[in-house]
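The values are calculated or read from the model by the stated rules, or taken from the named source; none is laboratory data. Only a predicted model underlies this, so the values are computations on that prediction, with no experimental measurement involved. Neighbour counts are summed over all protein chains in view; Cβ atoms, including those assigned to glycine, are modelled from backbone coordinates with ideal geometry. Side chains included, ligands, DNA and RNA excluded: accessible areas come from the protein's heavy atoms. Shrake-Rupley method; radii C 1.70, N 1.55, O 1.52, S 1.80 Å.
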Amino acid sequence: MTRLAETVRALPAQAPPERLGLALAEALAAGLAADHVRVALWLPAGLDPTAGFRVQEYRAGHVRAGLPPAQVRLKLGGQPLGEVRTQPPAAAQRLRDWPELLAVTRLLAAELHARLRADDAEQLRRSGAAQLADARLRAAGDMERQRYRLERDLHDGAQHHMVALQMSLALVEHQIGTGDRAEAARHLQRLKELLASTEEVLHSTATGLLALPLADHGLVTALAARLGTLDALTLDIDPLLTGRRYPPEVEATVYLACLEAVSNAHKHVPGAKVTLTLRTSARGLSFDVTDTGPGFDVSGPMPLRRLAERLATVGGTLTVRSSPAAGTRVSGFVAI
């Protein structure tokens, strides 16, 4: 017993549980004249009581084949701590018959048990902190993606209506200036319709909903409803598309991409003729937005980067062809 106490007392105050457990097993082997000692502690497997237990073992000496071990259960305050197994069995009997040594062994096992549980709790705390940090990062990423989606939808969907409002307002100002009040009154009514339509688009975007004609009737009906009344726009839609439906994410993406391409054409080349062509084939769904404007040099940074990113979310691609005095063609394709 004295050697056991001295061995443990010689350990540093902050010795890790592994050293304390090994010192306990070695001191017991020496004190009991045992060939082999196994100290096993039973620890909860987690915070949930139903998760069961795990066993932490410390061994000293060498196992002798063919010699069955004997065990001594360790309890403190009625609560099981673990057990000591010895070879030969007589060593376990000596431990039972030596109450002082058994008491010291029980106390050291209790201290080791408590330190192991404290280490488990610290690991759980660190794991929980890491999981919380990861959850915060993922939540921040989700919020950023939602913010980007809302920004993109506002840019792609509502911008078309803002441009149309600007064009109609310019027409009203021109007609008032020339004294054509009848035409001005007609375009004022068109302005009211555009304002109501813009309000609907903003509401749909803010609530994360598709435009009702798109959700209910599909791409052709939705594009005709949004673009069919523009004076400078020609719609050229494949008859095979009438009544045909695509996955909602594809319809929404192509719908907003067409709106943005048309809006950009009206914004950058006001007065130019714009044509939206929509086609379907065995390969997939394609659209072209062409204008008769002066064109521009496309050798620099990728034009319409946001539009390309939007199409990429559904596996689509975007091509922009233009040159000075030759107009511009914006082509999109989504494989189905």
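Things worth noting here:
- The Cβ shell under 9 Å around THR328 holds other residues with a net charge of +1, Lys and Arg each +1, Asp and Glu each -1.
- Residue-level accessible surface for THR292, protein heavy atoms, 1.4 Å, Å²: 100 Å²
- Net charge over other residues, Cβ less than 14 angstrom from the Cβ of ARG85 (K, R count +1; D, E count -1): +3
- Applying the Karplus relation 6.51 cos²θ - 1.76 cosθ + 1.60 with θ = phi - 60° to the stretch 63-71 yields 3J(HN,Hα) values of 6, 9, 5, x, 10, x, x, 10, 10 Hz, where x marks Gly and Pro.
- Amide H contacts of GLY284: ILE336, each under 5 Å away and 5 or more positions distant or on a separate chain (H built 1.01 Å from N in the peptide plane; Pro and chain starts excluded).
- In sequence order, calculated HN-Hα J values of the stretch 245-250 (Karplus, 6.51, -1.76, 1.60; Hz; x Gly/Pro): 10, 10, x, x, 5, 6
- Across ASP238, ASP231, ASP119, ASP297, the residue with the most accessible area heads the list, and the full order at a 1.4 Å probe is ASP231, ASP297, ASP119, ASP238.
- Heavy-atom accessible area order for ILE336, ILE237, largest first, 1.4 Å probe: ILE336, ILE237
- Rounded to the nearest 10 Å², the accessible area of THR229 at probe 1.4 Å: 80 Å²
- Largest-first ordering by accessible area, 1.4 Å probe, given options ARG305, ARG115: ARG305, ARG115
- Area accessible to solvent at GLU173, 1.4 Å probe radius, in Å²: 120 Å²
- For ARG54, distant residues with modelled amide H under 5 Å away: LEU43, ALA45
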